[in-house]
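Novice: Please find one structure pasted underneath; my questions will follow.
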Amino acid sequence: MELADIVILLDIYGELLANSQRDALDMKYNDDLSLAEIAEEMGGISRQSVLYSIRKGEQKLSELEEKLGFANRLRELSGEIGQARQLVEDMKKDSSDPRLDKLGGLLAEIRGGI
């Protein structure tokens, strides 16, 4: 899995992980801490324990996405909204209807919220 994928999956499914897994993944991927730094933040546990929590957390995130597919669906929706925005831009070339500007703005807001 790529870094961006893990960050997205952590945002979606993070609350379903064990606290130690969620915390270790958050510190690694969102705070960019080393294993030693994470170990210290987690109360002086070993780096091996941190690595184990990270690996198990990544595995659980992958399993959840495989079963539920929320991240994939978000990517699909984002692409579809992008296509809709492009259609609105194309329509604006042929029409001066102010509703097209409003529709484009609404689509941008929706895509930004995904």
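Novice: Open to solvent by less than 60 Å² (accessible area, probe 1.4 Å) and either outside any helix (DSSP H, G or I) or in contact with an Asp or Glu (Cβ under 8 Å, 6 or more places away or on another chain) (or both): is that true of GLY79 in this structure? Spell out the reasoning first.
Specialist: Numbers: open to solvent by less than 60 Å² (accessible area, probe 1.4 Å): yes; either outside any helix (DSSP H, G or I) or in contact with an Asp or Glu (Cβ under 8 Å, 6 or more places away or on another chain) (or both): no.
No; evaluated as a whole, the condition is false for this residue.
Novice: Within segment 84-101, can you find the residues that are part of a loop (DSSP other than H, G, I, E, B) and either loosely packed, with under 11 Cβ neighbours inside 10 Å or not charged (D, E, K, R) (or both)?
Specialist: Going through segment 84-101, the residues part of a loop (DSSP other than H, G, I, E, B) turn out to be 95-97.
The answer is SER95, SER96.
Novice: Inside segment 5-25, can you point out the residues that are open to solvent by 60 Å² or more (accessible area, probe 1.4 Å) and not β-branched (Val, Ile, Thr)?
Specialist: ASP11, GLU15, LEU16, ASN19, ASP23
Condition check ((1) at pLDDT 95 or above; (2) touching a Gly at 6+ places or on another chain (Cβ under 9 Å)) across all residues:
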site: LEU3; (1), (2): no, no
site: GLU65; (1), (2): yes, no
site: LEU68; (1), (2): yes, no
site: GLN83; (1), (2): no, no
site: LYS92; (1), (2): no, yes
site: PRO98; (1), (2): no, no
site: ASP101; (1), (2): no, no
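Novice: Could we say that ASP32 is more than 18 Å from ILE114 (Cα to Cα), modelled with pLDDT of 95 or more and outside any helix (DSSP H, G or I) here? Working first, answer last.
Specialist: Working: more than 18 Å from ILE114 (Cα to Cα): yes; modelled with pLDDT of 95 or more: yes; outside any helix (DSSP H, G or I): yes.
Spelling it out, ASP32 is indeed more than 18 Å from ILE114 (Cα to Cα), modelled with pLDDT of 95 or more and outside any helix (DSSP H, G or I).
Novice: Considering (1) within 15 Å of the chain's Cα centre (by Cα); (2) surrounded by 18 or more Cβ atoms within 10 Å (Cβ to Cβ); (3) among the small types (Gly, Ala, Ser), say which one SER53 fails and leave the rest.
Specialist: Failing condition for SER53: (1).
The values are calculated or read from the model by the stated rules, or taken from the named source; none is laboratory data. Only a predicted model underlies this, so the values are computations on that prediction, with no experimental measurement involved. Methodologically, a virtual Cβ is constructed for each residue, glycine included, from the backbone with ideal geometry; neighbour enumeration extends over all protein chains shown. These area figures cover heavy atoms from the full protein model, side chains too; ligands, DNA and RNA do not enter into them. Shrake-Rupley method; radii C 1.70, N 1.55, O 1.52, S 1.80 Å.
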